[in-house]
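Below you'll find the structure, written out as structure tokens, and then a few comments.
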Amino acid sequence: MPRELRSNGLVWIPGGEFLMGSDHHYPEEAPAHRVRVGGFWMDKFTVTNRDFQHFVAETGYVTVAERSVNPDDYPGALPELLAPSSMMFRKPPGPVDLSNQYNWWVYVPGANWRHPRGPASSIKRLMDHPVVHVAHEDVEAYAKWAGKELPTEAEWEFAARGGLEGAEFVWGDELTPGGKHMANTFQGEFPWRNTYDDGFEYTAPVGSFPPNGYGLYDMAGNVWQWTSDWYQEHSKIDSPCCTAESPRGGTRDGSHDPRQAGANIPRKVTKGGSHLCAPNYCRRYRPAARMAQPVDTSISHLGFRCVVRPGRGG
């Protein structure tokens, strides 16, 4: 087993060469290719609401979802879309067209990390759940405060595999070995009928499922996780079930395309899948899976964890 630094919740990842990506699933994961990464320490858990609350209490930081938007950044956007808000999953009452992700994604004013399930909710009983509704700017600010950094896509995937070369999942090749759920995912028919046989309809407290071979928890399911890498598209994502564009429209460079709102906002790679990934639609609870997330957009099932590289950070 690798060395674990219990004093600050970091686990040593030894580094090495591995087969990154997959040629057998979604096109954006291909081609599989050999990659080498150096050793580093990684957070054992995703950053929790408690962790993030400590950061905010000490620094006074205000997240992107809590700020009013500069209308100059989104020319042509409706005024109501410039209010502090974030993207949330809303379960439809019945089957819907799966080609339209806005059948389950809704822009909600007042949704943010303090109110993860809408403006009337709170984190009072969710302190050990992963923080969500954090944009890339927010997670970079937290990492800097903590003396850490965000992992690259390759570091994240290497760590997620836990030493299992080429395995389908973080824990092996069977989704539910012996009938046991190994991650917080979506059971039933996405997006309208979740039986939550794994015990959780929304996020779960971190560490609710077994760790991988490196001692890392929740490297599949629960929440997607930000990385530091800009997204490079190998092939077009044909079913973007787990990400959502800002409906404000416009772009950071002042251009505007009303047919494809937010399309030119820069994107970062996210990894790991979430509690919304389901066998009938979005099998992205695998280490090779990847999605592109606009850096300006926060969402209800996306969080993060940090790394420390030798000779750098805390």
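The values are calculated or read from the model by the stated rules, or taken from the named source; none is laboratory data. As the structure is a prediction and not an experimental result, all values here were calculated from the model. Reconstructed Cβ throughout: ideal geometry from the backbone, glycine too, with neighbour counts over all protein chains shown. Accessible surface is based on the protein model in full, side chains and every heavy atom, while ligands, DNA and RNA are left aside. Shrake-Rupley method; radii C 1.70, N 1.55, O 1.52, S 1.80 Å.
Values for this structure:
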{"read-out": "Residue check for VAL108: of a type in the set (Val, Ile, Thr) and in contact (Cβ under 8 Å) with a residue 60 or more places away in the chain", "value": "no"}
{"read-out": "Filter result for the condition that a residue is touching a helix residue (DSSP H, G or I) at 6+ places or on another chain (Cβ under 6 Å), over 27 Å from GLU155 (Cβ atoms) and either open to solvent by less than 20 Å² (accessible area, probe 1.4 Å) or not β-branched (Val, Ile, Thr) (or both), over PRO71, PRO79", "value": "PRO71"}
{"read-out": "Every pair of residues 6+ apart whose Cβ atoms lie under 8 Å, when the first sits in segment 180-196 and is of a type in the set (S, T, N, Q) while the second is surrounded by fewer than 21 Cβ atoms within 10 Å (Cβ to Cβ) and not in a loop (DSSP other than H, G, I, E, B)", "value": "GLN187/ASN194; ASN194/GLY188; THR195/GLY188"}
{"read-out": "Candidates LYS124, LYS144 - the one that is modelled with pLDDT of 95 or more, surrounded by fewer than 16 Cβ atoms within 10 Å (Cβ to Cβ) and assigned to a helix (DSSP H, G or I)", "value": "LYS144"}
{"read-out": "In segment 276-295, the residues that are open to solvent by less than 10 Å² (accessible area, probe 1.4 Å) and either out of contact with any helix residue (DSSP H, G or I) (no Cβ under 7 Å at 6 or more places or on another chain) or more than 27 Å from VAL11 (Cα to Cα) (or both)", "value": "LEU276, CYS277, ALA278, CYS282, ARG284, TYR285, ARG286, MET291, ALA292, GLN293, PRO294"}
{"read-out": "In segment 237-275, residue most open to solvent (accessible area, probe 1.4 Å) [restricted to those that are part of a loop (DSSP other than H, G, I, E, B) and modelled with pLDDT of 90 or more]", "value": "PRO266"}
{"read-out": "Which numbered condition TRP230 misses (of (1) in contact with a strand residue (DSSP E or B) (Cβ under 8 Å, 6 or more places away or on another chain); (2) touching a residue at least 60 places away in the same chain (Cβ under 8 Å))", "value": "(2)"}
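This table checks each residue for (1) within 18 Å of CYS277 (Cβ to Cβ); (2) of a type in the set (Asp, Glu); (3) touching a helix residue (DSSP H, G or I) at 6+ places or on another chain (Cβ under 9 Å); (4) open to solvent by 20 Å² or more (accessible area, probe 1.4 Å).
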residue: GLU165; (1), (2), (3), (4): no, yes, no, yes
residue: VAL170; (1), (2), (3), (4): yes, no, yes, no
residue: GLU174; (1), (2), (3), (4): yes, yes, no, yes
residue: MET182; (1), (2), (3), (4): yes, no, no, yes
residue: THR185; (1), (2), (3), (4): yes, no, no, no
residue: PRO191; (1), (2), (3), (4): yes, no, yes, no
residue: ALA204; (1), (2), (3), (4): yes, no, no, no
residue: GLY207; (1), (2), (3), (4): no, no, no, yes
residue: ALA220; (1), (2), (3), (4): yes, no, yes, no
